[in-house]
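*Asks:* Next up is a structure, given as structure tokens.
Where a number appears in this text, it was derived from the coordinates with a stated rule and is not lab data. Owing to the predicted nature of the structure, the values given are computational and were not obtained by experimental measurement. Don't worry about glycine lacking a Cβ; one is built from the backbone with ideal geometry, like all the others, and counts go over all protein chains shown.
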Amino acid sequence: MRSESEVPFADNPFQVPVADRLKRLPPYLFGKINKLKYQKRVAGIDVIDLGMGNPTDAPDPAIQEKLADALKDPRNHRYSVSNGIGNLRREVSKRYDRKYGVRLNPDDEVIACLGSKEGFSHMCLALMGPGDTAIVPSPTFPIHSYAVVLASGNVIALDVRDPQKFLSNVAYTCEHLFPKPRLVVVNFPHNPSSTCIEQDFFVDLVKLAKKYGFLVISDFAYADICYDGYQAPSFLATPGAIDVGVELTTMSKGFSMAGWRIGFCCGNKEMVRALATIKGYYDYGIFQAIQIAAIVAMRHAEPAVDAIAKEYQKRRDVLVDGLQRLGWEVEKPKAGMFVWAKIPEPWAKMGSIEFSMKLLEEGGVAVSPGRGFGDEGEGYLRLAIVENSQRLRQAVREIGRCTKADQAKAS
Ligand SMILES: Cc1ncc(COP(=O)(O)O)c(C=O)c1O
């Protein structure tokens, strides 16, 4: 047996000097909740998980079958191309034309990404460096600020829940900040608040971008999940948008292909080229069988996307109606996969993290605390409508049960 002195590094553990950029990241606020969720699952306790916008439904069978087919071709098991195969980029461009009347050149205005989050993050790395500032939406979907931080940039988070006020705050910041912001990130339908806009918003944003010289990234992840006849506008459908920015879309939500990791970045060719340069060094592209199945999805599975949106609309109604019956102040979102609910008065002072822990501990319902999306999110919960209607009814019952128990104790 080795004596202690022979064990390498026993009393002098080797220090791993991680890069400063990792130290700039804030503490991960969902850690405590995720740990409890995991412990409950390991103990065999059922958790109704409304924590993440992670679809539980499978993609349309035609998409799955095409993937299975494509697997049989040995050529599809090789490295693919990092910007996506030509037919895929052409299909994305056709879909933009069909849905938004936007003409994109598939050769240099479209690039495929390993999910839109990867595209967004690497675009920030391509555009931002030390001393550069990005304006991001607040409450903040974490990667919108972390990708800027990881690219060594600085973040100014502006409240987007009143979109007109957001625009005037962008203008005010541009007037007063030196050097001026390099980038403005927008995300409508917004995660987590589900705030939506109309095309006019983008017209004003493009004017500001041209006036102050900032670039725009529009994260359009929820483009396909719209309700009651509302169609979320594409940034790229705005005259002049392509001069100043790009838009990210994804197959994760509308096509329920979240685990497949496929999304797109489209728009300004200089920005697309910058992202392509980074990706050319970092990755060999998406598994080709997935790219082929994605082409078939866009050609033939559009009705499945509509069906998925209708299903989410039904779930939205079940959850919002249920919470309103419990006396919660909550509105029906026009789009997106989230219900953004104000924590009712008696529990608001508890803070969103503690209240979320309580719902998980006592009711077996996992939600995301608003605080996890920055200070502006405090006082709110984000509930993802990813479980089916029956499970959502059960979630409302459980939330009602554990909040009523408190009220009974107090009276
Ligand atoms: C606003 C927003 N952008 C991007 C993503 C990530 O999407 P993808 O799966 O395409 O990386 C999400 C996922 O939850 C999201 O909410």
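*Asks:* Greater than 22 Å separation of Cα atoms is the criterion. Which listed pairs, Lys99/Lys342; Lys180/Lys207; Lys253/Lys349; Lys211/Lys269; Lys99/Lys253, meet it?
*Replies:* Among Lys99/Lys342; Lys180/Lys207; Lys253/Lys349; Lys211/Lys269; Lys99/Lys253, the Cα-Cα distance tops 22 Å for Lys99/Lys342; Lys253/Lys349.
*Asks:* Could you tell me which of rounded, prolate or oblate describes the range 12-122, using a ≥ b ≥ c as the square roots of the eigenvalues of the alpha-carbon gyration tensor, with rounded for a/c under 1.5 and, failing that, prolate when a/b is larger than b/c and oblate otherwise?
*Replies:* prolate
*Asks:* Still on this structure, I have one more. Could you state the per residue volume, in Å³, of the convex hull enclosing the Cα atoms of the chain?
*Replies:* It comes to 197 Å³ per residue, whole-number rounded.
*Asks:* Rounded, prolate or oblate: which fits the range 61-300 when a ≥ b ≥ c are the square roots of the eigenvalues of the alpha-carbon gyration tensor, with rounded for a/c under 1.5 and prolate only if a/b beats b/c?
*Replies:* prolate
*Asks:* How high is the relative contact order of the chain, in percent, with contacts defined as C-alpha pairs under 8 Å that are six or more residues apart?
*Replies:* Computed value for the chain: 23 percent relative contact order.
*Asks:* With a/c under 1.5 counting as rounded, go ahead and sort the range 298-396 into rounded, prolate or oblate using the C-alpha gyration tensor (a ≥ b ≥ c being the square roots of the eigenvalues; past the cut-off, prolate if a/b is larger than b/c, else oblate).
*Replies:* Note, shape of the range 298-396 comes out prolate.
*Asks:* Now, a different point. Can you tell me which of 293-303, 59-69 comes out highest on packing, and rank the rest after it, using the mean Cβ neighbours within 10 Å?
*Replies:* Order by mean packing, descending: 293-303, 59-69.
*Asks:* What residue among Ile278, Ile399, Ile45 has the largest mean-square fluctuation in a Gaussian network model of the chain, using Cα springs under 10 Å?
*Replies:* Residue with maximal mean-square fluctuation among Ile278, Ile399, Ile45: Ile45.
*Asks:* Of all GluC sites (Glu not before Pro) in the range 258-336, which ones are in loop regions per DSSP and have a Cβ with at most 11 other Cβ atoms within 10 Å?
*Replies:* Glu329
*Asks:* Rounded to the nearest Å, what's the spacing between the alpha carbon centres of the range 263-339 and the range 115-165? Just the number, please.
*Replies:* Here the two parts' Cα centres lie 19 Å apart.
*Asks:* If you place +1 on the Cβ of every Lys and Arg and -1 on the Cβ of every Asp and Glu, how big does the dipole about the Cα centre of the chain come out, in debye to the nearest 20?
*Replies:* Using only the charged Cβ atoms, the result is roughly 320 debye.
*Asks:* Under the 0.36 nm per residue contour assumption, what length would be gained going from the current alpha-carbon distance of Asp375 and Tyr79 to full extension?
*Replies:* Net length gain for the segment: 102.3 nm.
*Asks:* In addition: Only Lys, Arg, Asp and Glu count, each charged at its Cβ (+1, +1, -1, -1), so figure out the dipole size of the range 61-300 about its Cα centre, rounded to 20 debye.
*Replies:* 480 debye
*Asks:* Can you grab the distance from the C-alpha centre of the range 29-74 to the C-alpha centre of the range 176-217, Å, no decimals?
*Replies:* Centre-to-centre (Cα) distance: 32 Å.
*Asks:* If you don't mind, another one. Summing -39500 (n - 2.57) over the DSSP H runs of n ≥ 4 in the chain and dividing by its residue number, what mean residue ellipticity at 222 nm do you reach, to the nearest 500 deg cm²/dmol?
*Replies:* Only helices count here, giving -14000 deg cm²/dmol.
*Asks:* Can you list which of the chymotrypsin sites (Phe, Trp or Tyr not before Pro) found in the range 25-95 are DSSP loop residues with at most 12 other C-beta atoms within 10 Å?
*Replies:* Within the range 25-95, the qualifying chymotrypsin sites (Phe, Trp or Tyr not before Pro) (loop, at most 12 other Cβ atoms within 10 Å) are Tyr28, Tyr79.
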